[in-house]
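Report on the structure given below.
The values are calculated or read from the model by the stated rules, or taken from the named source; none is laboratory data. Computed from a predicted structure; not experimentally measured. As a convention, Cβ positions derive from the backbone with ideal geometry for all residues, glycine included, and neighbour counts pool all protein chains shown.
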């Protein structure tokens, strides 16, 4: 494994577990992904022992169909993220809508996508998830009502000092990038240079991060991010 300048982890091979009852759907996923370099594909029936399957095969990314029914799929997603926090869960749904997106966020899933998505988009989401990103935030911040709901929930829980239910970070992809760089020791000037943007832009993003997280300062924001596994601090 190696680390890019922006603090995001690269992996050489991605083990992908496809958890779905439909053999037809699993065959379709295999067809979509079989020619992708660095992908190792494994199938799992949700009626079997998916947690043991993930543990035995060191699964990096799970493609989880939640149409069996939705409540069972979401609960399985929650169990996976709780037992295997390093395994990234991508939820696949035939009924893409706001309420289900919010529930997917609360399971700790890193992405929520339509089962009819293109091969190119699916591959992109898998690679981003494996690098520690949260593609689900793209859906959240494209929907102002959901974004506001996520941020308000996070701030309410944080202000009460409670242990929050695991959810994706209420931050944009760029804000996660910047916070990751800061967590790994980067100054505003260094982060600006690494990301190719101005130091003032970094300061603006940091202000937005502090506001969204109800954080007192950069150190507090980093502590929240590490505790919730939004960023990783790498050994020097």
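Data for the structure
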{"read-out": "Test: residue in the range 128-149 that is farther than 23 Å from residue 26 by Cβ, assigned by TED's automatic domain parsing to the domain that holds residue 39 and at pLDDT 85 or above", "value": "yes"}
{"read-out": "Test: residue in the range 113-121 that is over 27 Å from residue 212 (Cβ atoms), modelled with pLDDT under 85 and in a helix (DSSP H, G or I)", "value": "no"}
{"read-out": "Identity of the residue in the range 114-140, more than 21 Å from residue 177 (Cβ to Cβ) and in contact (Cβ under 8 Å) with a residue 24 or more places away in the chain, that ends up surrounded by the fewest Cβ atoms within 10 Å (Cβ to Cβ)", "value": "119"}
